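Encoded as C-alpha cells, the structure appears first; notes follow it.
Only the coordinates and a few stated rules stand behind these numbers; no lab work does. Nothing here was measured: the structure is a model prediction, and the numbers come from that model. Please note: Cβ atoms are built from the backbone with ideal geometry, for glycine as well, and neighbour counts cover all protein chains shown.
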Amino acid sequence: MHVSHLSLADFRSYARVEVPLDPGVTAFVGPNGQGKTNLVEAVGYLATLGSHRVSSDAPLVRMGAERAIIRAAVTQGERQQLIELELNPGKANRARINRSSQVRPRDVLGIVRTVLFAPEDLALVKGDPGERRRFLDELITARSPRMAGVRSDYERVLKQRNTLLKSAAMARRHGGRGLDLSTLDIWDQHLARVGGELLAQRLDLIATLRPLADKAYEQLAPGGGPVAFDYRGPAGSEGAHSREELYEVLLAALAESRKQEIERGVTLVGPHRDDLLLRLGQLPAKGYASHGESWSYALALRLASYELLRSEGNEPILVLDDVFAELDARRRERLAELVAQGEQVLVTAAVDDDVPGVLVGARYAVSEGSVERV
Ligand SMILES: Nc1ncnc2c1ncn2[C@@H]1O[C@H](COP(=O)(O)OP(=O)(O)OP(=O)(O)O)[C@@H](O)[C@H]1O
Ligand SMILES: [Mg+2]
C-alpha cells in the first residue's frame, strides 16, 4: 500500500499543497521550520486520526483558518481509494471515502497504515505510561481497525463511570444519602467487558512484539540486549489471556478497589491505568538506560511494529521524521538498511547529507510552504 497523492488545505503551515508520490523512497529536504514534518504528520493522521506531535486537532488547522483538509489517493495493488478528512476543531470531524460522505472518520482507519519514527519516540522509553499505552493501542488499531470502536467505547464507559463515582463520592460526604451502588455494578460490568477486550489485545500484541523488538534491538545495537517487556495491569492479569478471563480479573479488581474509588471519585483500575515496563538486560529501560540505548530501544519498538504489520499482510508506509541526524553513523546505516525495502518510505531531513546513501529515491525541496521535486 502507498499514498500516490497527498493534498492539503489549511493544514498546519500549508494554505494549499499538492504532492504526487511514488512508491519507494521519497525524501523531503529543507531548512528548519519549512513544513517537512507537517507533510508527514498529515500522512500519519490518515493512519491514526491523530498527530504524533499534539493531542488535539486545533494546532493542525492553519492559523486563521476554520478547518483543515487532508486528501489522499491510496493505492493498494490494483485498487485505488480516495480519502478525505476534514478537521473541525471543537466540532465533529468529517470523512469521505471515494467521494461518499456516508462514512465516519473511524471508517478511514485501516486504509492507510503507517509506522512513524520521530524524535518524539524517545518518550516511549523515558516518558509517562500514557505514551506506552498510546503506542500499544495505536498498533492494536493498525492490526485490527475495529479496535478503534472498542477504544472509544472504553473511553465512553470510563467517563460515565467516573461521573457516577464522583456523585457517589459527593453522596458519601453527605452521609450516604442518594448513593446508588446497583448502577455502579452495571458500569463495572461494562468496564470489565470492554476493558477485558482491550487488555486481551494488548497482551496478545506484547507477546507477539517482544521477540521482534529483541531482534530489532540486536540489529541496531549488537550485544546490547536482551529486550523484554512486562505488562503492569490489574492483579491477576499476568496469567490471563482470553477476554473472558480478563473480564473476571477486571471485575474482581474493581470490587477490590471499590471503597477507595468511591472515596476518590475516580476509576482506579483498568487499561487506562496500566503500563508497559520495558526492560533492557536486567534493568528497566526507564530511569536506567543511557540516552543512546533509549534511542535504540525506541527505534527497535518501531521496527518491530513494522515487522509485525508486514508479517500480518499489512505492509505499512514507513515515515522517518528527522531521525537520521540523531543517530551515530553505525546505527544510521543499520536503520537505513532495515527500512530501505519498504513499499513506501517517507523521510524528512534538514540537509541532503542526513539521508543515508542506501535510501535512493525521489527528493523534494521544502521551503516556505512550497514542495518542489528536485
Ligand atoms: N497551525 C499552524 N498554522 C500556521 N503555521 C503553523 C501551524 N502549525 C505549525 N506551523 C508552522 O509550521 C512550521 C513548522 O513546520 P514543520 O514542523 O513541518 O517544520 P520542519 O520543516 O519539519 O522543521 P524541522 O527541520 O525544524 O523539523 C513552523 O514554522 C510553524 O510556525
Ligand atoms: Mg521537522
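Assorted remarks:
- Note on region 116-313: dipole from Cβ charges, positive end direction compared against Ala169, Leu212, Leu303; the farthest Cα belongs to Ala169.
- Net charge contributed by nearby residues that have their C-beta within less than 12 Å of Glu337 (K/R +1, D/E -1): +3
- Gain upon complete extension [Asp275, Glu18; 0.36 nm per residue less C-alpha separation]: 88.5 nm
- For the options Gly149, Gly77, Gly130, a Gaussian network treatment of the chain with springs between C-alpha atoms closer than 10 Å singles out Gly77 as fluctuating the most.
- Aspartates and glutamates with Cα under 17 Å of Lys259, excluding same-chain neighbours fewer than 8 positions away: Asp180, Asp185, Asp188
- In the frame of its principal axes, region 284-327 has Cα extents of 36, 25, 9 Å, reported largest first.
- The GluC sites (Glu not before Pro) of region 44-150 that meet both conditions, a loop assignment by DSSP and at most 14 other Cβ atoms within 10 Å of the site Cβ, are Glu66, Glu78.
- Just so you know, the Cα atoms of the chain work out to an Rg and Dmax of 22.2, 74 Å.
- Gained length - Glu372 relative to Val358, 0.36 nm times residue gap less alpha-carbon distance: 2.8 nm
- In this structure, Val54 and Arg104 have a Cβ-Cβ separation that, at R0 = 35 Å, corresponds to a calculated FRET efficiency of about 0.95.
- Counting DSSP beta bridges with both ends in the chain, the antiparallel % (nearest 5): 65
- Long hydrophobic helices in the chain, taken as whole DSSP H segments with a C-alpha length of 15 Å or more on their own axis and mean Kyte-Doolittle hydropathy at least -0.5: 36-48, 181-220, 291-311.
- Averaging the sequence gap over all C-alpha pairs within less than 8 Å and six or more residues apart, then dividing by the number of residues, gives the chain a relative contact order of 25 percent.
- Of Lys91/Lys159; Lys91/Lys286; Lys126/Lys215; Lys159/Lys215; Lys159/Lys286, pairs whose Cα-Cα distance is over 28 Å: Lys91/Lys286; Lys159/Lys215; Lys159/Lys286
- Taking Gln189, Gln102, Gln160 as the candidate residues, the one with maximal mean-square fluctuation in a Gaussian network model of the chain, Cα springs under 10 Å, is Gln102.
- Considering only Gly223, Gly64, Gly110, the Gaussian network model of the chain with Cα springs below 10 Å gives its largest mean-square fluctuation to Gly64.
- Among the GluC sites (Glu not before Pro) within region 234-342, those in coil by DSSP and having at most 13 neighbouring Cβ atoms inside 10 Å are Glu238, Glu312.
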